[in-house]
Amino acid sequence: MDSDEEENIPLSQRPEWADVTPVPQDDGPNPVVPIAYTDEFRETMDYFRAVYVSEEHSPRSLQLTAEAIRLNAGNYTVWHFRRLILESLGADLHEELNFVEDIAKKNSKNYQIWHHRRWLAEKLGPDAAIKELEFTKKLLSLDAKNYHAWSHRQWVLRTLGGWEDELDYCDELLKDDIFNNSAWNQRYFVVTRSPFLGGLDAMRDSEVDYSIEAITARPENESPWRYLRGVFKNDPKTWANDPRVSSVCLKILSSKTSCIFALSTLLDLICHGFRPSPEFKEAVDALQSSDAGPSSSGLAETICSVLESMDPFRVNYWVWRKSQLPAITP
């Protein structure tokens, strides 16, 4: 009999369960707000409690956990018992991966599924890396910002390997959606953690060019601005003195569109020792309201004033930043 057909038959009517006495849920003598379980759910859990209490690690118990999981994929006790059964039976864990993938189609953000998947991958070892990366890739194609899938993918890379094509995968995602902040985060993870790329020192030059290209294309996208800063982690002096960083700021400011992140980056560059040329002051002054006129204050203070107007959502932050500026700034 097909397993789906079997699941449509009440457990009490299946011959293989005739020897089992169901264990009803104990809600106490006077439950205040009893839950309106369906008959199918109630019966399934009654039989599950019976095999759980008796510690029956059998094929029928394994099938029962599958039915219980399909009714409630978040029941951690059922998942735990299923793992005990899998180990006791020496079950095919590759087949179990297929079961999890099927459940994940409707529950891709369920913590229990991902915990179970990791347990399986740990048992299978490095040979499971490719299958796990493909599994997360499939789910990310449906939801590119699925935190659970990204977290599992990073765990797989760190634990089982599979780094070789990961940077290309990030590039593919960013070509599809340059605003995908999860893909930017993954790219940084790969650049800093991959055993094949040499770390930030080796990758900094190419990553600066990569992020600047993305900034030039969509300067209103905060992700590449943050990424650009990240590739100079723990080295703000080099960041402030890299001419490519200040040049892209000037380029965006001169365009007079989508300037918020260019202004905030320039402000931070100045605070880390960058000495701007007169061109920067001219570009910032041009962004002030027409009745303000050229500013006689320092460039950093002027930037804060422009941001107060241009970025009203964070106006209090820019007022605070202005109050924190050194007494002498360019």
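Distance between the modelled labels on ARG226 and SER254, one decimal in nanometres: 2.9 nm (7 Å Cα→Cβ projection). A crude spin-label estimate for the pair GLU87 and LYS138, with each label 7 Å from Cα along the Cβ direction, gives 2.7 nm. In the full protein context, segment 90-169 carries 51 Å² of accessible surface per residue, based on a 1.4 Å probe and ignoring ligands, DNA and RNA.
Say the cut-off is 29 Å between C-alpha atoms; which of LYS123/LYS233; LYS233/LYS281; LYS106/LYS233; LYS237/LYS322 go over it? Going by Cα-Cα distance, LYS123/LYS233; LYS106/LYS233 fall outside the 29 Å limit. Axis angle, to the nearest 10 degrees, between helix 147-160 and the longest C-alpha principal axis of the chain: 90 degrees. For the pair TYR76 and THR216, the difference between a 0.36 nm per residue extended length and the Cα-Cα distance amounts to 45.6 nm.
Charge dipole (Cα centre; +1 on Lys/Arg Cβ, -1 on Asp/Glu Cβ; no other charges) of the chain amounts to roughly 1660 debye. Relative contact order for the chain: 7 percent, from Cα pairs under 8 Å spaced at least 6 residues apart, divided by residue count.
For segment 151-295, a crude dipole built from +1 on the beta carbon of Lys and Arg and -1 on the beta carbon of Asp and Glu, taken about the Cα centre, is about 420 debye to the nearest 20.
The long axis of helix 243-255 is offset from the longest Cα principal axis of the chain by roughly 80 degrees. Computed from label points 7 Å out along Cα-Cβ, the spacing between TYR147 and VAL315 is 3.2 nm. Of the peptides 21-30, 90-99, 276-285, the ranking by mean beta-carbon count within 10 Å, highest at the top, reads 276-285, 90-99, 21-30.
Rounded to the nearest 20, the size of the Cβ-charge dipole of segment 1-146 about its Cα centre is 820 debye, with Lys and Arg at +1 and Asp and Glu at -1. List residues of segment 53-91, by number, whose backbone nitrogen lies under 14 Å from a label position 7 Å along Cα→C-beta of ARG14. Residues 58-71 qualify, since their backbone N sits under 14 Å from the label point. With the charge dipole of the chain set up from +1 on Lys and Arg Cβ and -1 on Asp and Glu Cβ about the Cα centre, the Cα lying farthest toward the positive end among the listed residues ILE178, CYS271, PHE48 is that of CYS271.
Note on mean projected area of the Cα convex hull in nm²: of the candidates (i) 29.8; (ii) 18.0; (iii) 24.4, the value calculated from this structure sits at (iii). For the chain, the 222 nm mean residue ellipticity estimated from helices alone, with every DSSP H stretch of n ≥ 4 adding -39500 (n - 2.57) and the total spread over all residues, rounds to -20000 deg cm²/dmol. Counted residue by residue at 0.36 nm each, then reduced by the alpha carbon distance between them, the extension gain from SER277 to ASP39 reaches 78.1 nm. Can you list the chymotrypsin sites (Phe, Trp or Tyr not before Pro) in segment 157-244 that are in a DSSP coil and have 12 or fewer other beta carbons within 10 angstrom? Sites meeting the loop and neighbour criteria: PHE196. Element breakdown for segment 210-249 at a 1.4 angstrom probe: carbon and sulfur atoms account for 50% of the accessible area.
The values are calculated or read from the model by the stated rules, or taken from the named source; none is laboratory data. Owing to the predicted nature of the structure, the values given are computational and were not obtained by experimental measurement. Glycine gets a Cβ as well: all are built from the backbone with ideal geometry, and neighbour counts include every protein chain shown. All accessible areas refer to the heavy atoms of the entire protein, side chains included, with ligands and DNA or RNA removed. Shrake-Rupley method; radii C 1.70, N 1.55, O 1.52, S 1.80 Å.
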